[in-house]
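The values are calculated or read from the model by the stated rules, or taken from the named source; none is laboratory data. Quick caveat, the model's predicted, so the values are computed rather than measured. Because the Cβ atoms are built from the backbone with ideal geometry, glycine has one as well, and the counts that use them run over all protein chains shown.
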Amino acid sequence: MRELVELIAKALVDHPDDVVVTETQEGKNIRIQLHVAPSDMGKVIGKQGRIAKAIRAVVKAAASRDDIRVDVDID
């Protein structure tokens, strides 16, 4: 899941070297934290949070086949 979020985020931002994705797992729950440069924050969140919602939807769909719950936090 971490690689998927990192791939999507790096495609969206102007500074792909500043993208940092961390993943912590507790049983069947995975928490993914995405850190981007402050100037790229708007590109990752999008207007009214649409891009952030789309990223979360894609990750949750990918995780559903493995019966895993994923939370994506954008910092």
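Tell me yes or no: at least one residue of segment 34-41 is touching a strand residue (DSSP E or B) at 6+ places or on another chain (Cβ under 6 Å), surrounded by 12 or more Cβ atoms within 10 Å (Cβ to Cβ) and either at positive phi or not in a helix (DSSP H, G or I) (or both). Outline the logic, then answer.
From segment 34-41, those touching a strand residue (DSSP E or B) at 6+ places or on another chain (Cβ under 6 Å) are 34-35; that's our starting set.
Of the ones still in play, those that are also surrounded by 12 or more Cβ atoms within 10 Å (Cβ to Cβ) are 34-35.
When the remaining residues are screened for being either at positive phi or not in a helix (DSSP H, G or I) (or both), the result is 34-35.
Yes, because at least one residue in segment 34-41 is touching a strand residue (DSSP E or B) at 6+ places or on another chain (Cβ under 6 Å), surrounded by 12 or more Cβ atoms within 10 Å (Cβ to Cβ) and either at positive phi or not in a helix (DSSP H, G or I) (or both).
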| message | List the residue pairs whose Cβ atoms are under 6 Å apart, where the first residue sits in segment 37-56 and is within 14 Å of LYS10 (Cα to Cα), the second is part of a helix (DSSP H, G or I) and acidic (Asp, Glu), and the two are 6 or more positions apart or on different chains. | response | ALA37/ASP18
| Pick from segment 16-33 the residues that are loosely packed, with under 13 Cβ neighbours inside 10 Å and outside any strand (DSSP E or B): which of them is modelled with the highest pLDDT? | ASP17
| Any idea which of ALA63, ALA11 is small (Gly, Ala, Ser) and either part of a loop (DSSP other than H, G, I, E, B) or at pLDDT 95 or above (or both)? | ALA11
